[in-house]
Amino acid sequence: MIESLLVANRGEIARRIIRTAKRLGVRAVAVHSEADADLPFVVEADEAVCVGPANPAQSYRNVEAILAAAEATGAQAIHPGYGFLSENADFARTVQARGLVWVGPGADAITAMGDKINARNLMAAAGVPVAPGTTEPATDLDAAVAAATGIGYPVMVKAAAGGGGMGMAVAADEAALRTEYDKVRAFAERMFGDGSVLIERYFPRVRHVEVQILGLADGRVVALGERECSVQRRNQKLVEESPSPAVSPELRARFLAAAVRAGEAVGYRNAGTVECLLDPATQEFFFLEMNTRLQVEHPVTELVYGVDLVEEQLRVAAGLPPTFDPDALTPRGHAIELRINAEDPKRFLPGPGVIGTWVEPTGAGVRVDSGYVAGNTVTPFYDSLLAKLVVAGADRAEAIERARTAVAGFAVAGPKNNLPFFAELLDNEEFVSGDYDTGIVGRMR
């Protein structure tokens, strides 16, 4: 096993990785910005290094500062968490070139999956279903219009290098496409340094279902079930659950087989997620993207499968076998994750501030992965995620009931937060029925 690990991230995911590292006897090193100096992940690490000011470009995305911290602390490996540098292939290569262990997939797999058009083409060649769309970038507006005419409206206009729900727009007709194309291309150039745009069929009523995969040290790729991620605002997830209430045993078998093929097509190692869109009317699903990292929502898979995915990541990186039998994976019960964000519960706009009260719920089947405690300041420099409230039950009905109790028992005062939204959602008939899609939040508002 790795003996010392630098966590190149912050907040709840850094704290969560540190927790597993310390349980395994691995020395945990945190890096932090000046703004995060008093957060729990810094205090709980065995050693911590300030790598720059609040601006992420000067701290959490500062490759040389992070590598210098690894050298100064004698860290053997680097875990990037999610976001920031986690899907940066050049960073992964540099880490390994410096003689350090990279806790993640190979740089070639990150590169292959980082461009949505290239990823679509690779998946189609591997027999993974893909939605009708362009096989090369729409280099100008005329090319985009021609592609959309062939695909049929409505279409999704997407940044090829995008991720996390960013750089996407829907065009219902040619006039809308002419407006959205330039917006998406400009956004992509500004945010990702790559203005490439793809055009893809848009499905008005669709569910977002993803599969957790793990590429093992021996070369096998295994799938640890699916997660439903259809409760979203601005194409970003708010709630995840496993198993999906929309997936039958037959459909599940097709989902998992396709996800394994996707991983095998790029020689995948370590944890990753194959994201798909599911048309509930036809039961057809289409590859959306592969996230070459640990997902925010990994805890629901952990609770259903009884595994620690961070431990499995460390074992793969160290060349060790998994703690479980890949041929005998058995899901049990149901788990739901609610993303507690520092944002108002109506318009979902950020609301940073000083945390005056922070009381986490407890009880059977309740888990809280948090990044803050009372007295901490939620700054405007980073993602608004405060904590992940995860509940498990013997079935979906029990998980929902436990989630209701846990939301009522979660007390946060100071920054705005979306707990009231979750209280509303958990009593929403559409959500409770399990027959919902990505438009549910819009219908609630």
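The values are calculated or read from the model by the stated rules, or taken from the named source; none is laboratory data. Owing to the predicted nature of the structure, the values given are computational and were not obtained by experimental measurement. Note that each Cβ is placed from the backbone with ideal geometry, even for glycine, and that neighbours are counted across all protein chains shown.
Descriptive notes on the structure:
- Looking at 189, 174, just one residue is out of contact with any strand residue (DSSP E or B) (no Cβ under 6 Å at 6 or more places or on another chain), free of Cβ contacts under 8 Å to residues at least 40 places away in the same chain and under 28 Å from residue 282 (Cβ atoms), and that residue is 174.
- When the test is whether a residue is closer than 30 Å to residue 442 by Cβ, of a type in the set (Gly, Ala, Ser) and crowded, with 23+ Cβ neighbours inside 10 Å, residue 397 does not pass it.
- When region 139-157 is filtered for residues that are part of a loop (DSSP other than H, G, I, E, B) and surrounded by fewer than 16 Cβ atoms within 10 Å (Cβ to Cβ), the ones remaining, listed by number, are 139, 140, 152, 153.
- Yes/no for residue 277 being within 19 Å of residue 135 (Cβ to Cβ), in contact (Cβ under 8 Å) with a residue 12 or more places away in the chain and not hydroxyl-bearing (Ser, Thr, Tyr): yes
- Residue 248 assigned by TED's automatic domain parsing to the domain that holds residue 366 and touching a residue at least 40 places away in the same chain (Cβ under 8 Å): no
- Any hit, region 69-82, residues being crowded, with 22+ Cβ neighbours inside 10 Å, closer than 20 Å to residue 11 by Cβ and among the hydroxyl-bearing types (Ser, Thr, Tyr): no
- For first residues located in region 407-418 and over 17 Å from residue 383 (Cβ atoms), partners that are of a type in the set (Ser, Thr, Tyr) and at pLDDT 95 or above and lie 6+ apart or on another chain with Cβ distances below 9 Å form the pairs 409/362; 411/357; 413/357; 414/357; 414/377.
- Answer from 126, 109, 160 - the residue that is of a type in the set (A, V, I, L, M), outside the structural domain of residue 26 (by TED's automatic domain parsing) and surrounded by fewer than 23 Cβ atoms within 10 Å (Cβ to Cβ): 126
- Evaluated against (1) outside the structural domain of residue 347 (by TED's automatic domain parsing); (2) under 30 Å from residue 423 (Cβ atoms); (3) of a type in the set (Ser, Thr, Tyr), residue 242 falls short on exactly one condition, (1).
- Screening region 349-445 for strands (runs of 3 or more DSSP E) wholly inside it with 2 or more residues that are modelled with pLDDT of 95 or more and under 23 Å from the mean Cα position of the chain (by Cα) returns the ranges 366-370, 385-393.
- Evaluation of residue 260 against the conditions (1) β-branched (Val, Ile, Thr); (2) modelled with pLDDT of 95 or more; (3) more than 21 Å from the chain's Cα centre (by Cα) shows that the sole unmet condition is (3).
- Test: residue in region 122-130 that is of a type in the set (Val, Ile, Thr), closer than 25 Å to residue 276 by Cβ and either touching a Pro at 6+ places or on another chain (Cβ under 8 Å) or not in a loop (DSSP other than H, G, I, E, B) (or both): yes
- The single residue among 273, 292, 330, 301 that is surrounded by fewer than 17 Cβ atoms within 10 Å (Cβ to Cβ) and assigned by TED's automatic domain parsing to the domain that holds residue 221 turns out to be 330.
- The number of residues in region 17-46 that are over 18 Å from residue 75 (Cα atoms), touching a helix residue (DSSP H, G or I) at 6+ places or on another chain (Cβ under 6 Å) and of a type in the set (S, T, N, Q) comes to 0.
- Scope region 308-327; condition outside any helix (DSSP H, G or I) and either surrounded by 21 or more Cβ atoms within 10 Å (Cβ to Cβ) or among the aliphatic types (A, V, I, L, M) (or both); matching residues: 318, 320
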